[in-house]
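The values are calculated or read from the model by the stated rules, or taken from the named source; none is laboratory data. In this text the structure is predicted, and so the values were computed from the model without any measurement. Every residue, glycine among them, receives a Cβ derived from its backbone with ideal geometry; neighbour counts consider all protein chains shown.
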Amino acid sequence: MKDFAGKIAVITGGGTGMGRELARLLVAEGCNVAMCDVSADAMAETRRLCEVERLPQGLRITTHVADVSIEDQLLRFRDEVVEQQATGHIHLLVNNAGIGGGGSLFTNTREQWERTFNICWGGVYLGVRTFLPMLQKADEGHIVNTSSVNGFWASIGMLQSHTAYSAAKFAVKGFTEALINDLRLNAPHIKCSVVMPGHIGTSILSNSRKIQSGTGSERLTDNEIALARTRLGMAGVDSSKMSDEDVQAFAAERARSFREDAPMTAAEAATVILDGVKAERWRILVGDDAHRLDERVRQDPEKAYDLEFYQSFAAEAGWRLG
C-alpha cells in the first residue's frame, strides 16, 4: 500500500495519542477514517484537528463509541462503518487501543489485571476477527497491530510489576507474526505489521487511570496511593512526610512528564508507523530506545531481567529509573 489517498482506514483508540495522530496523517493524505474510542469527547477533538485543514471533497471522518474488549460493541462499530462510510470493504485496520495498569497478580485485583489484558490483547484479536471480512473484499489491505517494546521485554523496571500489559503485548506480537503466513496462504493481498514503540509521549498513564478506576477520574484510589508509597520507598524516597495529596501530585506529574518529556512525540511515531506500512515492513520498531532495547535483549537475553541490565539501559536511553 504505497499511498492512502481514497482508501478507507479503521482505527481503534482514535481519541488520543498515536491513534489521534494516525488519523490526522491519514486524513491529510486523503484517506477516509473511521475511528472508535471509549471517549466521544476525545474523538470529537481528533475530528476537529483533522478538519482544521480544508478536506478533499467527499472525504469521510466518522467517530464511534466502542470498548474494543467487548465483541458486541466492535460488531456495532463495524455495522456503523458500513453505513456511515457507505462501504462493504476497508483497506487499513489499525488496532491501536490500549491501556496500562493492573500489572501485578499480587497487588492488583483480577478485574484490573484482566481489564488491561482484555483491551490490549482482546481488542486486537477481536478487531481482526471483526474487520477481516471487510479487508478481504478490498483490492489490497493492511493490518497494523500495536504491541510494544514490552512485547519482547516484559518489564518497565525492577520496582513495578507489569505482567498484564506485557503478557498482552507478547500475545499481540506472536499473533501478528503468525498472521504473516496465515494471510499469505489465505488472503495474500492483505499484509500485516506489528508495531513496537518505546517511550512515546501519550496520555496512556492518565487515560489508564480513568478506565481502571471505573469513575473516569485520574486520581489514585486509596489502594493505589498505598502502592505508590511502597514504590517510592523502594526507590529510596521517604514518603512518610508526604500527604495523600502530595502522592496524588507526584502521580500527576509523572503522567505529565511521560506525555510531554518523552523522546518521541505521538505525531513522530505515527509517521514512522505509516512509513513502515508503505514499505510493507512487518516489524516496525518506533523510537531510538526501541531499537537499542531490541538489540540489547537479543545480545544477552539471559540478563534481560537483571537489575544491572535495566539500570544501564535506562541510563543509556534516558529513561527515568522506576
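Within segment 275-284, restricting attention to residues that are closer than 17 Å to Glu21 by Cα and touching a strand residue (DSSP E or B) at 6+ places or on another chain (Cβ under 9 Å), which residue is surrounded by the fewest Cβ atoms within 10 Å (Cβ to Cβ)?
If we filter segment 275-284 for residues that are closer than 17 Å to Glu21 by Cα, which is where we start, we get 275-278, 284.
From what's left, touching a strand residue (DSSP E or B) at 6+ places or on another chain (Cβ under 9 Å): 275-277, 284.
Details: Asp275: 11, Gly276: 20, Val277: 22, Ile284: 22.
Per the stated criteria, the residue is Asp275.
Please verify whether Asp275 is free of Cβ contacts under 8 Å to residues at least 24 places away in the same chain, closer than 12 Å to Val195 by Cβ and among the acidic types (Asp, Glu), treating the condition exactly as stated.
Here the answer is yes, as Asp275 does meet what is asked.
On the given criteria, is Glu308 at pLDDT below 95 and not assigned by TED's automatic domain parsing to the domain that holds Gly101?
Considered against the rule, which asks whether it is at pLDDT below 95 and not assigned by TED's automatic domain parsing to the domain that holds Gly101, Glu308 comes out as no.
Being touching a strand residue (DSSP E or B) at 6+ places or on another chain (Cβ under 7 Å) and of a type in the set (Val, Ile, Thr) is the filter here, so list the residues in segment 118-132 that pass it.
If the condition is that a residue be touching a strand residue (DSSP E or B) at 6+ places or on another chain (Cβ under 7 Å) and of a type in the set (Val, Ile, Thr), then Val124, Val128 are the ones that fit.
So which residues in segment 268-288 are among the charged types (D, E, K, R) and under 18 Å from Phe170 (Cα atoms)?
Filtering segment 268-288 down to residues among the charged types (D, E, K, R) leaves 268, 275, 278, 280-281, 283, 288.
Once the filter is applied, which keeps residues that are among the charged types (D, E, K, R) and under 18 Å from Phe170 (Cα atoms), segment 268-288 yields only Arg283.
Does Arg115 satisfy the criteria of being of a type in the set (Lys, Arg) and either surrounded by 20 or more Cβ atoms within 10 Å (Cβ to Cβ) or touching a strand residue (DSSP E or B) at 6+ places or on another chain (Cβ under 7 Å) (or both)?
yes
Quick check on segment 38-55. Is at least one of its residues crowded, with 21+ Cβ neighbours inside 10 Å and within 12 Å of Ile8 (Cα to Cα)?
No, because not a single residue in segment 38-55 is crowded, with 21+ Cβ neighbours inside 10 Å and within 12 Å of Ile8 (Cα to Cα).
List, please: which pairs have Cβ atoms under 6 Å, are six or more places apart or on different chains, and start with a residue in segment 92-109 that is farther than 25 Å from Arg129 by Cβ and end with one that is part of a loop (DSSP other than H, G, I, E, B) and not aromatic (Phe, Trp, Tyr)?
Note: pairs meeting the criteria are Gly103/Ser161; Gly103/His162; Ser104/Ser161; Asn108/Gly102.
For segment 44-61, name all the residues that are out of contact with any Cys (no Cβ under 8 Å at 6 or more places or on another chain) and either outside the structural domain of His142 (by TED's automatic domain parsing) or within 21 Å of Ala266 (Cα to Cα) (or both).
Those that are out of contact with any Cys (no Cβ under 8 Å at 6 or more places or on another chain) and either outside the structural domain of His142 (by TED's automatic domain parsing) or within 21 Å of Ala266 (Cα to Cα) (or both): Ala44, Glu45, Thr46, Arg47, Arg48, Leu49, Cys50, Glu51, Val52, Glu53.
Residues of segment 118-165 being buried (at least 23 other Cβ atoms within 10 Å of the Cβ), among the small types (Gly, Ala, Ser) and in contact with a Gly (Cβ under 6 Å, 6 or more places away or on another chain), which ones?
The answer is Ala164, and nothing else.
Only one of Ala270, Ala252, Ala262 is within 23 Å of the chain's Cα centre (by Cα), buried (at least 18 other Cβ atoms within 10 Å of the Cβ), hydrophobic (A, V, I, L, M, F, W, C) and over 22 Å from Ser166 (Cβ atoms); which?
After ruling out the rest, the residue left standing is Ala270.
From the set of residues in segment 291-322 that are farther than 16 Å from Ile156 by Cβ and basic (Lys, Arg), which is surrounded by the most Cβ atoms within 10 Å (Cβ to Cβ)?
Top of the filtered list is Lys303.
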